[in-house]
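Scroll down for the structure; my scribbles are underneath it.
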Number of protein chains: 2
Amino acid sequence: MITFVQTDAGNSKQISRRESRGIQTWGTAEAVAGRKMSPKITTELLKQLRQVMKSPKYVQEPVQAYIVPSGDAHQSEYIAPCDCRRAFISGFDGSAGTAIVTEQHAAMWTDGRYFLQAAHQMDNNWTLMKMGLKDTPTQEDWLVSVLPEGSKVGVDPFIIPADQWKRMSKALRSAGHDLVPVKENLIDTIWTDCPHRPCKPLIMLDLSYTGVSWRDKIVALRSKMAERKVLWFVVTALDEVAWLFNLRGSDVEYNPVFFAYAVIGMNTIRLFIDGDRMMDPAVREHLQLDSTLEPEFKIQVMPYGSILSELQAVGASLSPKEKVWLSDKASYALTEAIPKAYRYVTPYTPICIAKAVKNASETEGMRRAHIKDAVALCELFNWLEKEVPKGTVTEIIAADKAEEFRSQQKDFVELSFATISSTGPNGAIIHYKPVPETNRTLSVNEIYLLDSGAQYKDGTTDVTRTMHFGTPSAYEKECFTYVLKGHIAVSAAIFPNGTKGHLLDSFARSALWDCGLDYLHGTGHGVGSFLNVHEGPCGISYKTFADEPLEAGMIVSDEPGYYEDGSFGIRIENVVLVIPAETKYNFKNRGSLTFEPLTLVPIQTKMIDVNLLTQKECNWVNDYHQKCREVIGAELERQGRHEALQWLIRETEPLARAQ
Amino acid sequence: MITFVQTDAGNSKQISRRESRGIQTWGTAEAVAGRKMSPKITTELLKQLRQVMKSPKYVQEPVQAYIVPSGDAHQSEYIAPCDCRRAFISGFDGSAGTAIVTEQHAAMWTDGRYFLQAAHQMDNNWTLMKMGLKDTPTQEDWLVSVLPEGSKVGVDPFIIPADQWKRMSKALRSAGHDLVPVKENLIDTIWTDCPHRPCKPLIMLDLSYTGVSWRDKIVALRSKMAERKVLWFVVTALDEVAWLFNLRGSDVEYNPVFFAYAVIGMNTIRLFIDGDRMMDPAVREHLQLDSTLEPEFKIQVMPYGSILSELQAVGASLSPKEKVWLSDKASYALTEAIPKAYRYVTPYTPICIAKAVKNASETEGMRRAHIKDAVALCELFNWLEKEVPKGTVTEIIAADKAEEFRSQQKDFVELSFATISSTGPNGAIIHYKPVPETNRTLSVNEIYLLDSGAQYKDGTTDVTRTMHFGTPSAYEKECFTYVLKGHIAVSAAIFPNGTKGHLLDSFARSALWDCGLDYLHGTGHGVGSFLNVHEGPCGISYKTFADEPLEAGMIVSDEPGYYEDGSFGIRIENVVLVIPAETKYNFKNRGSLTFEPLTLVPIQTKMIDVNLLTQKECNWVNDYHQKCREVIGAELERQGRHEALQWLIRETEPLARAQ
């Protein structure tokens, strides 16, 4: 599943011409084709918010503007219902957007994906700020233009990341205003039926899944801390907490994480987590809470809400030259808890980097998960092939069927993201998710695009296949084949150790570019191991330059596409593992890398114009299908899924041109 | 000619793993093979410098350290002898390096290209700081480690760019020290025989060369200023001043520029320039100094040295919201002249961007220049083919001969950079320049690499050819062919309008990567039009992300290579023009671009292993050679250079495999 750049208004100036063009054109009418949405009436809510913005109960001094960002206190991509504050106040529930409410105005910044949706979901109280368009002011510029002199702009310091605070605060200060932290979230004060913060049971992963015990992870982390001469490390990202302790949760949909922070010292471990989850004997056993342990591995469990005061205590206890390591994405509140001179801030944490390089147990788990996932998809595609001609299968039914087949597999936990099941023109909407208003019936006349994945206890999957259940046109085949050529160009690429993923992005586009075509999203993202389907610090995209170099053991997606507004969408996505490559020479002894596909699902040969493939590309397809047949065929056999096996065998026939 | 990243110590932390490995390995023993250099004795000079560092005559308070960067007041890549202050104080005359002198220490930061050279040229007073090596401290960290508490670190505010000042000042301040501007350059105070700043006559370019009058350039600049709502623009880069006024100079070797600044207001033009150059009636006529002009085009000529006071006067005259546009590479001194609130600072100036997109007259001039340049090289290679077997041609003789042939061409002005004429192992030294101590004789047993170019009044050239005058080995041919494949991959690439050059860099490496090979420099740089051979804001390199998108009319080099330490170097370089490409489709109406080679010099077919080329690549070579034959053949004919014409015809025979 493709990722998008986080484009908050503060960054919008930096969007390249190419991206801004893309963003302008994504928000096509088709994006909400037939979607009937009535706006949320927010007059009363805004009145209440404007009252609390002046209420001494919540603010020391009145704030003339209040910012409501999208995120949660952990800067998560997916958030829990209780954190959907921006959607609550405005009605707009797209994944990206920032609301700002002043005494007179209410404005919403979002990007081209959501222009129409936001316009439909918000009432007349709101002004839509179309990010990426030339004349749209940044949040800072807009604030400066509407605020009276010497205004205070409030924001929840837990929701805004430190780097963003810094940028906005600087801009406001230079115009004579002040960005101020408002401790109590003002939306929460008026959100009377706000759902509770989820607090679901934890899942323990043993060594057979993780390969490394949490103790050894702590040891490795402390050695990184010693290397950088820091005494404390603050874990703020939810997937980093989960990875570090070999625990998983289900507090957030699709992401097997739980609400928690951790603070790791050279001799202490503090885990900030709520609920009775720590009462579970299995959890206590896993974390050895009741064992007599060396003190440096003794975990102190503390309430989730006490992180700030505990961190402030750490901050107050520091001697000169003692440092605390924080991510630059940590919230302003937690960052400020540590006096500036004691902070050691990096864009990627050592946990983020360690987590990205999968060990042998994780890699094996990912392989197993992908085999199971392929079995489910073979079943699905076999079923679709039979059912689609009957005209009874809708996008939603297909998505549900995919989930059903996946849920039959061992260790299935949940989906890894909302299934993108789209046919015909819906396929051209890159972030489409079928809803009853847009739900289209699959047919033998349209291309069908399915981007889906699951969380299994042994791994996370994410795969896109584009199929035709009738006879594709020559043009559809041509476009599909260019996308396939791009997919192969990345998958088969050989590159030096230490190469950053963004240097491979153009390989995926070259065949499309040759014919004047392109796609307006990145080519790949990091994938977690039974964790977030999108994770840093590596990826394959022209949009970033700050990615970490690729290393053997990293796992990314390879997913070029082509989208024709109003007609169809094509994407071919495998999850691939970075592996060492054997080469004829070895310049400067650097060694080389390449990719091994973990996803083993046939690529529909009916869609391929073989004449557009080189012999090498043809061989790649045949070798890939041979592997699908062997590996997935054996598992289908083992599971007694004979009809799907027959389907697999048919779909993996070698391409005609190949020798 | 390849460019290098500017790696001052402040940036060295940001060098990627790949680059740092590269830098570590460039400084091979071969780099100074046989080069006998005796160090400069600096004891007395350092004593004098340390005295003036404390002298109330020059500093308000004593400075405990003094920084001597490489550059001049315009942040030029090539500098005049009077600006070689770092070489004067240390003896080390490589192109990159920063000296810092404290009361006890003298240290020199330079990168891997220069480790051996710096070690040879500096005496024991100096410590060499090897940038790019893991344990080498940054300048800031080193200063903090050696300075007594509360020290003052001095630097000439005209030599240090504002962005670098900011970074260093921040680091020092956080450790309790102060970076202070020292108005009088302390090196100049002890450099008794410092050469005068050059002040050579100007060259006027008429419309047939420039396509646009300086008046129209001012109009266009003012419209960009109005767009950004700035009232003043400060021109600090020498090539920008030259381009703006359609003037050229010869104050700096290889770069046809002259020492000057300009300050453009909405109604005023101030040119800061010294000497009697403005007495030349032709210059006065060109700039219309004596005509009755509309006041907004009246150029006020002022002394070069008065820029600071004039700019301070501008700064003092500003009303709120009035802004002054400066490059972030402008010196700290000039940047500080404008109060912070009034500054509008960008990495690329509108002149830099306008200058990069060549108009029809400039493009035609570049074509003419490249035809003449090719004629000279055909003569040279024909001559070398006859002379090399005699064993009498050295690298220096070959370089001189190349210059001789070029100087016979119309409107030849000078070389555009120091010729890289290198044979055998010297070819592996990427920045080699033959000197008597290293001068090697060309032979029929070694590869010869010639990277050279010239300034003609109608254009700037830069071309690299790699030749063998005997029989190349299979391995040499194999490597050459991979480099050629990379060269073609870039040259023939089709890509969307608005694509940044760095996205094309990997195309140049793909064939090398497949075999485990690579080269440790960028693939291309912008080329000026009878201006600097290296210019921004575009280029093709994995090292940068801040390049501006490629546009039709931009001119860059395409120069992949392969270097085997101790054996040989291969590089194939053409200067190419960005042109619109015709494509089958046109996604989102963006349009596509590709390259047209301006360089038309045969690529030695003897070095090509035809079996490694695809049919498409083979056709590219044959089409290219056909064009060389037609265009350069006609000119050789016209110039009556019959022997060189015969050589050209032989060298452009179609490759065997082609149809």
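The values are calculated or read from the model by the stated rules, or taken from the named source; none is laboratory data. Model, not experiment: these values are computed from the prediction. When we count neighbours, we look across all protein chains shown, and the Cβ atoms used for this are built from the backbone with ideal geometry, even at glycine. Just so you know, the surface numbers come from the protein's heavy atoms only, side chains and all, with ligands and any DNA or RNA stripped out. Shrake-Rupley method; radii C 1.70, N 1.55, O 1.52, S 1.80 Å.
Of all residues in the range B:512-526 being facing chain A (nearest Cβ under 7 Å) and in a loop (DSSP other than H, G, I, E, B), which is nearest to the chain's Cα centre (by Cα)?
Of the residues in the range B:512-526, the ones facing chain A (nearest Cβ under 7 Å) are B:513-518.
The next check asks that each one be in a loop (DSSP other than H, G, I, E, B); those that pass are B:515-518.
Numbers: B:Cys515: 31, B:Gly516: 29, B:Leu517: 26, B:Asp518: 23 Å.
Here the residue is B:Asp518.
Look at (1) open to solvent by 60 Å² or more (accessible area, probe 1.4 Å); (2) more than 14 Å from chain A (Cβ to nearest Cβ); (3) part of a helix (DSSP H, G or I) and you find that B:Ser95 fails only one, number (3). Of the residues contained in the range A:257-264, one or more are found to be over 22 Å from A:Phe412 (Cβ atoms) and of a type in the set (Gly, Ala, Ser). Out of B:Asp188, B:Asp156, B:Asp163, one residue alone is surrounded by 21 or more Cβ atoms within 10 Å (Cβ to Cβ), within 19 Å of B:Ser331 (Cα to Cα) and of a type in the set (D, E, K, R). It is B:Asp156.
Does the range B:212-230 contain any residue that is part of a loop (DSSP other than H, G, I, E, B), crowded, with 18+ Cβ neighbours inside 10 Å and of a type outside the set (Val, Ile, Thr)? Checked the range B:212-230: no residue is part of a loop (DSSP other than H, G, I, E, B), crowded, with 18+ Cβ neighbours inside 10 Å and of a type outside the set (Val, Ile, Thr).
Here is the figure for the range A:114-168: residues that are among the charged types (D, E, K, R), touching a helix residue (DSSP H, G or I) at 6+ places or on another chain (Cβ under 7 Å) and farther than 24 Å from A:His74 by Cα total 1.
Look through B:Lys584, B:Lys588 and report the one residue that is modelled with pLDDT under 95 and at the interface with chain A (Cβ under 10 Å from one of its Cβ atoms). Spell out the reasoning first.
Details: B:Lys584 fails: modelled with pLDDT under 95.
Matching residue, one of B:Lys584, B:Lys588: B:Lys588.
Scanning the range B:497-511 for residues that are more than 10 Å from A:Phe495 (Cα to Cα), among the polar types (S, T, N, Q) and at the interface with another protein chain (Cβ under 8 Å from one of its Cβ atoms) yields a single hit, B:Thr499. Restricting the search to the range B:264-306, which residues are of a type in the set (Lys, Arg), more than 19 Å from B:Asp251 (Cα to Cα) and touching a residue at least 40 places away in the same chain (Cβ under 8 Å)? Listed by number, the list holds a single entry, B:Arg270.
Table: residues versus (1) in a loop (DSSP other than H, G, I, E, B); (2) more than 14 Å from chain A (Cβ to nearest Cβ).
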{"position": "B:Phe530", "(1), (2)": "yes, yes"}
{"position": "B:Pro537", "(1), (2)": "no, no"}
{"position": "B:Ala546", "(1), (2)": "yes, no"}
{"position": "B:Gly569", "(1), (2)": "no, no"}
{"position": "B:Val601", "(1), (2)": "yes, yes"}
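With respect to B:Thr544, is the statement that it is touching a Phe, Trp or Tyr at 6+ places or on another chain (Cβ under 9 Å) and closer than 23 Å to B:Tyr254 by Cα true?
Working: touching a Phe, Trp or Tyr at 6+ places or on another chain (Cβ under 9 Å): yes; closer than 23 Å to B:Tyr254 by Cα: no.
Criteria not met by B:Thr544.
Set side by side, the residues B:Pro389, B:Pro425 differ, and just one is assigned to a helix (DSSP H, G or I) and open to solvent by less than 30 Å² (accessible area, probe 1.4 Å), which is B:Pro425.
Please verify whether A:Ile397 is among the β-branched types (Val, Ile, Thr), open to solvent by 20 Å² or more (accessible area, probe 1.4 Å) and over 24 Å from A:Gly524 (Cα atoms), treating the condition exactly as stated. Against the criterion (among the β-branched types (Val, Ile, Thr), open to solvent by 20 Å² or more (accessible area, probe 1.4 Å) and over 24 Å from A:Gly524 (Cα atoms)), A:Ile397 qualifies. The number of residues in the range B:121-136 being more than 27 Å from the chain's Cα centre (by Cα) and either of a type in the set (A, V, I, L, M) or in a loop (DSSP other than H, G, I, E, B) (or both) comes to 6.
Within 14 Å of chain B (Cβ to nearest Cβ) and either out of contact with any Gly (no Cβ under 8 Å at 6 or more places or on another chain) or over 26 Å from A:Ser473 (Cα atoms) (or both), is that true of A:Thr594?
Numbers: within 14 Å of chain B (Cβ to nearest Cβ): yes; either out of contact with any Gly (no Cβ under 8 Å at 6 or more places or on another chain) or over 26 Å from A:Ser473 (Cα atoms) (or both): yes.
Considered against the rule, which asks whether it is within 14 Å of chain B (Cβ to nearest Cβ) and either out of contact with any Gly (no Cβ under 8 Å at 6 or more places or on another chain) or over 26 Å from A:Ser473 (Cα atoms) (or both), A:Thr594 comes out as yes.
Set side by side, the residues B:Glu364, B:Glu404 differ, and just one is touching a Leu at 6+ places or on another chain (Cβ under 9 Å) and either part of a strand (DSSP E or B) or open to solvent by 30 Å² or more (accessible area, probe 1.4 Å) (or both), which is B:Glu404.
Within the range A:548-561, the set of residues being surrounded by 24 or more Cβ atoms within 10 Å (Cβ to Cβ) and either assigned to a strand (DSSP E or B) or within 14 Å of chain B (Cβ to nearest Cβ) (or both) comprises A:Leu550, A:Met554, A:Ile555, A:Val556, A:Ser557, A:Asp558, A:Pro560, A:Gly561. Residue check, A:Ser491 against (1) open to solvent by less than 10 Å² (accessible area, probe 1.4 Å); (2) within 13 Å of chain B (Cβ to nearest Cβ), all met but one. Which one? Tallying (1) open to solvent by less than 10 Å² (accessible area, probe 1.4 Å); (2) within 13 Å of chain B (Cβ to nearest Cβ), A:Ser491 fails exactly one: (2).
Can you pull out the residues in the range B:451-480 that are of a type in the set (Ser, Thr, Tyr), more than 30 Å from B:Leu207 (Cα to Cα), more than 13 Å from chain A (Cβ to nearest Cβ) and not in a loop (DSSP other than H, G, I, E, B)? Step through it out loud before you land on a result.
Going residue by residue through the range B:451-480, those that are of a type in the set (Ser, Thr, Tyr) are B:452, B:456, B:460-461, B:464, B:466, B:471, B:473, B:475.
Subsequent filtering for residues that are more than 30 Å from B:Leu207 (Cα to Cα) retains B:464, B:466, B:471, B:473, B:475.
From what's left, more than 13 Å from chain A (Cβ to nearest Cβ): B:464, B:466, B:471, B:473.
Selection gives B:Thr464, B:Thr466.
Criterion applied to A:Lys616, A:Lys606 was being modelled with pLDDT of 95 or more, within 14 Å of chain B (Cβ to nearest Cβ) and open to solvent by 20 Å² or more (accessible area, probe 1.4 Å), and the one residue passing it is A:Lys616.
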